[in-house]
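The block underneath contains the structure these notes are about, expressed in structure tokens.
Read-outs: derived from the displayed coordinates by stated rules, not from any lab. Since we're looking at a predicted model, the values are computed, not measured. No Cβ is skipped: glycine too gets one built from the backbone with ideal geometry, and neighbour counts run over all protein chains shown.
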Amino acid sequence: MGAPSVESKLAQFGETQRRDAWWVELLPVVILLGGFGLYATLRAFEGRFYEWGPYLSPFYSPLIDQGHRWWKFSPALLILAGPLGFRTTCYYYRKAYYRAFFLDPAACAVGESRPHRYKGETAFPLILQNLHRYFLYVALIFLVILWYDAICGFWFDGHFGVGLGSLVLLVNIVLLSFYTLSCHSLRHLVGGKVDCFSCVAFGGPRHTAWRGLSLLNERHMLFAWLSLFSVGLSDLYIRMVAAGAISDLRFL
Ligand code: FES
């Protein structure tokens, strides 16, 4: 009798010898990522209640053509591709949504839905995920803009002040910074491809930076989630204040 063919050894979809409840970890991703996607889409199309006093929602920053001179739709739609592209192509989110939404694969050591046709990210459209490093450059620009917004959030009518919104925007940009700086592509750019730091220009500073980024990189998943919550909650807070549903709490 001959050896079993490679194909006969491939598991059927969902087939596994795992005894743990491997599917449980998919649920929070579906609920939280799906919920955020829905909320962000609704807010991006809403086109109002995105600023109040010195606060500007991160969904609408940088604010382009607010007066609708040449763009008649929501200004958020003009900038959406940057942050959306960065998150969508993120190495961590890719793993999370491939599993949770496409079940492809559903989990480690669990049978896939199309094992015979699997091409990974080598063919269209998933080959576009390789654009992540370019979205990183865009994200770094957004980071600078959002830091500017967060600092402006402490400036009320020409005077320094602190409101709850100021703190919300500050926490948000700190978490977004951790998320962006912990990016795998950035770590690779700074030192991941270097075999010998003492042999390259600026090897010392690069090694120091690479070690710092590596520390952040170990917590990339945590920062991915925390920054997702902080962006959504920052927008929600500003929306509620701008719509008059609540008043901004002023500390100073
Ligand atoms: Fe997640 Fe770059 S890998 S942001």
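Data overview
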quantity	calculated
Net length gained if the chain between Arg211 and Phe45 were fully extended (0.36 nm per residue, minus Cα distance)	55.7 nm
Two-site FRET efficiency, Glu15 against Lys119, from Cβ-Cβ distance with R₀ of 25 Å, rounded to 0.05	0.75
Theoretical FRET efficiency, 1/(1+(r/R0)^6), r = Cβ-Cβ of Val144 and Leu38, R0 30 Å, to 0.05	0.55
Neighbour-count order for Val110, Val241, Val144, fewest beta carbons within 10 angstrom listed first	Val144, Val110, Val241
Degrees separating the helix 132-152 axis from the principal Cα axis of the chain, which is the longest one	20 degrees
Per-selection Kirkwood Rh - the chain (Cα, Å, 1 d.p.)	20.9 Å
Alpha carbon convex hull of region 39-105, projected area averaged over orientations, nm²	5.6 nm²
Folded to 0 to 90 degrees: helix 220-242 orientation relative to the chain principal axis, Cα	30 degrees
Cβ-derived FRET efficiency at R0 30 Å, Phe197 paired with Phe229, nearest 0.05	0.25
The chain, helix-only ellipticity at 222 nm - DSSP H runs n ≥ 4, -39,500 (n - 2.57), divided by all residues, nearest 500	-16000 deg cm²/dmol
Qualifying trypsin sites (Lys or Arg not before Pro) in region 63-167, DSSP loop, other Cβ atoms within 10 Å at most 10	Arg69, Lys72, Arg117, Lys119
Estimated distance in nm for a label pair at Arg250 and Trp23, the labels positioned 7 Å out from Cα along Cα-to-Cβ	5.4 nm
Restricting region 144-252 to trypsin sites (Lys or Arg not before Pro) in coil, as DSSP defines it, with at most 14 other Cβ within 10 Å	Lys193, Arg219
Peptide ranges 34-40, 179-185, 223-229 listed from the most packed, as the mean C-beta count within 10 angstrom indicates	179-185, 223-229, 34-40
Residue range of the chain that is longest and free of GluC sites (Glu not before Pro) which are both DSSP loop and sparsely packed (at most 16 other C-beta within 10 Å)	16-120
Segment Lys95-Phe73, extension gain: residue separation times 0.36 nm, minus the distance between their alpha carbons	4.6 nm
Burial ordering of Val162, Val168, fewest other beta-carbon atoms within 10 Å first	Val162, Val168
Cα gyration tensor category, rounded, prolate or oblate, for region 141-221 with a/c compared to 1.5	prolate
Within a Gaussian network of the chain (alpha carbon springs, distance under 10 Å), most fluctuating of Tyr60, Tyr118, Tyr97	Tyr118
